[in-house]
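Written out below as structure tokens is the structure these notes cover.
Please treat every number below as a calculation from the coordinates, not as lab data. From a predicted model like this one, the values you see are computed outputs, not experimental measurements. Cβ atoms come from the backbone with ideal geometry, glycine included; neighbour counts cover every protein chain shown.
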Ligand SMILES: N[C@@H](CCC(=O)N[C@@H](CS)C(=O)NCC(=O)O)C(=O)O
């Protein structure tokens, strides 16, 4: 019997739920942009196969907490931003400069936060149950994320700033709720507090002690605008002169926001971020992928 091929000659495997983009899409885009072949195991192994691999002893490598995960040979890795950064380094989609690479990882972490918050709004009553079981309850939370995390930059935000400074400062509980909501792990607590508070200072971006307000800078689309406009290379990419995994992650975040928060996405004035989204989608390998049958439908359940 012949020895197994060395790990570097074995194909990469993506272990993710079948039939949907989900968080698996962030990893797919890395393989697709790099032109590296991979096996999308969920499509062949199915739901039960993913369960078996991730949680029922099928993985002999380093333990996986949740999909998506990748495997090559006996190396396994999970955690979407971690997998993206690792594969980015392998495939030339991370800057060589350590500080620039750290900025790419910063953006991956911001996308992770934005996806987690965006998903939570669809699952406000039971975070682990299908959105379909909590459609009515999710309405105010979806609206809140759409209005306050993907805000229309303009008078609405200015108006909420005024309300904030008139009403918010005397109520430290609300400030506490706002601060908590910036931490995904604590956002379950912050969401109800925010919802009760009628105004949400996280949407208002006047830093304490600052004498001028900035339109929605803490919000995701405004943040992509700022990062793109402050890239000194003017490359059209987020970090430095070349495409990185940050561009793929932010592209997918934008596409997911467009899909799941359409009315707010459409209202947001974010020309640089939207142009960036279109440019990334038009890259030859990604355009071919997006038109192929490897590209799966959106999850009807929530933002990812
Ligand atoms: N922080 C992880 C989250 C992974 C995650 O929540 N995966 C979902 C699918 S998108 C899942 O199957 N979760 C099951 C669980 O958490 O038990 C990542 O970014 O990859």
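When 221, 77 are arranged by Cβ crowding within 10 Å, least crowded first, meaning fewest neighbours, the order is 77, 221. Computed on the Cα trace of segment 225-304, the radius of gyration divided by the Kirkwood hydrodynamic radius gives Rg/Rh = 0.98. Measuring r between the beta carbons of residue 267 and residue 234 and using R0 = 45 Å, the FRET efficiency lands at 0.95. Counting every other Cβ atom within 10 Å of each residue's Cβ, 21, 56, 274, 143 order from fewest to most as 56, 143, 274, 21. A straight line joining the Cα centroids of segment 81-130 and segment 238-304 runs 14 Å. Scaled to the globular estimate 2.2 N^0.38 Å, the Cα spread of segment 74-137, given as radius of gyration, is 1.52.
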